[in-house]
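Report on the structure given below.
Just so you know, all these numbers are worked out from the coordinates, no wet-lab data involved. Just so it is clear, the structure is predicted and the values come from calculations on it, not from any experiment. Here the Cβ positions follow ideal geometry from the backbone for every residue, glycine too, while neighbour counts run over all protein chains shown.
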Amino acid sequence: MTQGKFRPVLFVVIIWMHAMACLALWYEWNFGFTLSALLWLIGVHTLRSVGISLGNHRLFTHRSFKCHFPTEVLLDFCGAMAAQGSLLKWVLDHDQHHKDTEGLWDPHTPAKFGGVAGFLWAHCVWLFYDVKRPSKDFALISARKNVRIAKWDKWVYPIGLLSGFVIPFYFEGFAGLLLVGFLGVVISWHITWCVNSVCHLFGGADPAFQKTRDQSRNNWPLSLLSYIGEAWHNYHHQKADSAFLGWRWYQPDLGKWILIVGEKAGLFWDINRPPTEAKQKQLVFE
Ligand SMILES: [Zn+2]
Ligand SMILES: [Zn+2]
């Protein structure tokens with residue numbers, strides 16, 4: 001078994017957050033929700049998605065583009081709003097997923113159990129256990145990539161985490177706290193979790209590209225729901241250091257469009273692109 005000890009505190013926190021999300025729905029149903037609270041939810045949800053996808057994932061894990069250090073701190077802050085734990089552990093877990101996808105060391109492969117149990121494991125049950133690491137060297141490599149931001153993360157994380165609750169409460173009162181804070185975090189969790197569960201079980205692959213040996217899939221419906229780009233997960237497993245997740249122009253990938261606009265404004269540079277047409281064909285016929 002490559003899973004570690006049960007984490008009772010995290011288990012209770014996740015259950016409690018879901019209870020608060022239900023309370024938020026009850027509150028909104030009984031007292032009515034305002035358009036402004038809904039706009040807050042959409043706005044903060046988008047910031048959380050940008051933080052997790054552009055920050056934790058494309059920048060801090062895969063280093064698929066470059067930016068100034070203050071931009072790194074801002075992305076770390078937005079990622080902290082999503083309440084997915086401190087940055088370095090997120091990077092370690094995700095690095096491990098790529099290094100041994102569907103293998104023994106993959107922290108959240110649905111192949112571990114198969115069927116409904118496999119789906120639930122990949123979706124969130126894996127979070128209730130410590131992740132065992134294959135070697136210290138591996139952890140060091142991940143840490144070295146993020147040595148500067150890791151120091152800042154100690155401050156950024158609690159401030160960012162609280163901001164996801166305090167700012168909506170300040171502007172929208174209890175409706176903001178419940179809808180944007182608690183329900184918003186739970187919605188954001190499930191959309192992220194779906195990448196690990198749904199996108200390793202349901203969906204397809206673009207036939208113009210090389211097939212991967214793992215079970216990763218591109219999932220159209222989820223790409224509309226998550227719109228940040230993470231549902232193009234088969235592309236991502238083909239070339240993890242590509243900063244663009246939707247490789248075709250019409251595929252929803254807000255992260256890609258932010259990078260393209262930000263590149264023109266001088267905010268981002270050295271952005272890794274997906275393989276070119278010629279390279280794709282070469283890969284297919286290899
Ligand atoms: Zn994956
Ligand atoms: Zn990745």
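So here's what we get for this one:
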{"quantity": "Segment residue 3-residue 249, extension gain: residue separation times 0.36 nm, minus the distance between their alpha carbons", "calculated": "84.6 nm"}
{"quantity": "Order of 76, 153 - criterion: other Cβ atoms within 10 Å of each residue's Cβ, fewest first", "calculated": "153, 76"}
{"quantity": "Estimated inter-spin distance, residue 138 and residue 257, nm [label 7 Å along Cα→Cβ]", "calculated": "3.7 nm"}
{"quantity": "Extended-chain gain in nm, criterion 0.36 nm per residue less alpha-carbon gap, residue 120 and residue 190", "calculated": "24.0 nm"}
{"quantity": "Those lysines that a straight Cα-Cα span of less than 19 Å connects to residue 136, excepting residues fewer than 8 apart in one chain", "calculated": "5, 89, 99, 145"}
{"quantity": "Residue (of 15, 94, 164) at the positive-pole extreme of the chain, dipole from beta-carbon charges", "calculated": "94"}
{"quantity": "The chain - mean residue ellipticity at 222 nm from DSSP helices (-39,500 (n - 2.57) per run, n ≥ 4, rounded to 500)", "calculated": "-18000 deg cm²/dmol"}
{"quantity": "Dipole magnitude of the chain about its Cα centre (Cβ charges: Lys, Arg +1; Asp, Glu -1), debye to nearest 20", "calculated": "620 debye"}
{"quantity": "Normalised contact order of the chain, rounded percent, pairs of Cα under 8 Å and 6 or more residues apart", "calculated": "23 percent"}
{"quantity": "Fewest-first ranking of 148, 217, using other Cβ atoms within 10 Å as the exposure measure", "calculated": "148, 217"}
